[in-house]
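Visitor: Dumping the structure here so I can ask a few things about it.
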């Protein structure tokens, strides 16, 4: 029997994501209780891998995190203000804020899990492609002269920055350092976008 992917499934994913976000251990019965469903539904909604599949979906949920809404916010800036360095800096400061620390760290944890859990690897790959593709398509609507390759490259770099900064800078950067990093990040995005505008398609390979 096919189980409809409705509230129960989403509630299980959300409850599992909450546990993973704080570094907790996933216990099926506890997750089900939090989600308000029977623990047997875990194996009906996730029949292929059970708990491992549920954890994978939760990690994919965390990996996307606030990325999709952040993409919307960034393009709101680009579409209304263009390369406004100060608005981009303020946007970056929100991403680097302490209240976002758990989300940023859980995204790194999700990436680490791809090495040991094939379900996580598959879900993260899907999420990664979706995020890169969505960003690149939006960028080409704003910058129609930009090549597909340049838009994709900019998408990869722009979305890699918060993960790299989190991994190297840690979760408790002092306010002054966050502000300095945000300013440099904004400058980087502005300069990269200006550079990408002049990108060219690579020559076609000869047969």
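Visitor: In terms of the Cα gyration tensor, with a ≥ b ≥ c the square roots of its eigenvalues, is segment 41-114 rounded because a/c is under 1.5, prolate because a/b exceeds b/c, or oblate?
Guide: Prolate, because a/c is 1.5 or more and a/b exceeds b/c.
Visitor: Please arrange 119, 59, 43 by counting, for each residue, the other beta carbons lying within 10 Å of its beta carbon, fewest first.
Guide: By the 10 Å Cβ count, ascending: 43, 119, 59.
Visitor: Using a/c under 1.5 as the rounded threshold, could you call segment 52-94 rounded, prolate or oblate? The axes a ≥ b ≥ c are square roots of the C-alpha gyration tensor eigenvalues, and prolate needs a/b larger than b/c, oblate otherwise. If you can, show how the numbers build up before the last one.
Guide: Working: a/c = 6.37, a/b = 3.13, b/c = 2.04.
The shape class here is prolate.
Visitor: Next question, about the same structure. Express in nm, to one decimal, how much length is gained between residue 38 and residue 108 on full extension, taking 0.36 nm for each residue of separation and deducting their alpha carbon distance.
Guide: Extending this stretch completely gives an extra 22.1 nm.
Visitor: What value, in deg cm²/dmol to 500, does the helix sum -39500 (n - 2.57) over DSSP H runs of n ≥ 4 give at 222 nm once divided by the residues of the chain?
Guide: Result for the chain: -24000 deg cm²/dmol, rounded to the nearest 500.
Visitor: Starting from the eigenvalues of the Cα gyration tensor, five times each then square-rooted, give me the equivalent ellipsoid semi-axes of the chain, largest first, whole Å.
Guide: Its equivalent ellipsoid spans semi-axes of 35, 22, 15 Å.
Visitor: Taking N as the number of residues in segment 85-207, what is its alpha-carbon radius of gyration divided by 2.2 N^0.38 Å?
Guide: 1.20
Visitor: Right, here's the next one. Reported to two decimal places, what Rg/Rh ratio describes segment 7-55 when computed on Cα atoms with Rh from the Kirkwood expression?
Guide: Value, to two decimals: 0.91.
Visitor: Could you give the C-alpha radius of gyration of segment 3-91 expressed as a fraction of 2.2 N^0.38 Å, taking N as the number of residues it contains?
Guide: Ratio of Cα Rg to 2.2 N^0.38 Å: 1.45.
Laboratory data are not the source of any read-out in this text; all were calculated from the coordinates shown. Please read all numbers here as calculations on a predicted model, not as lab measurements. Glycine gets a Cβ as well: all are built from the backbone with ideal geometry, and neighbour counts include every protein chain shown.
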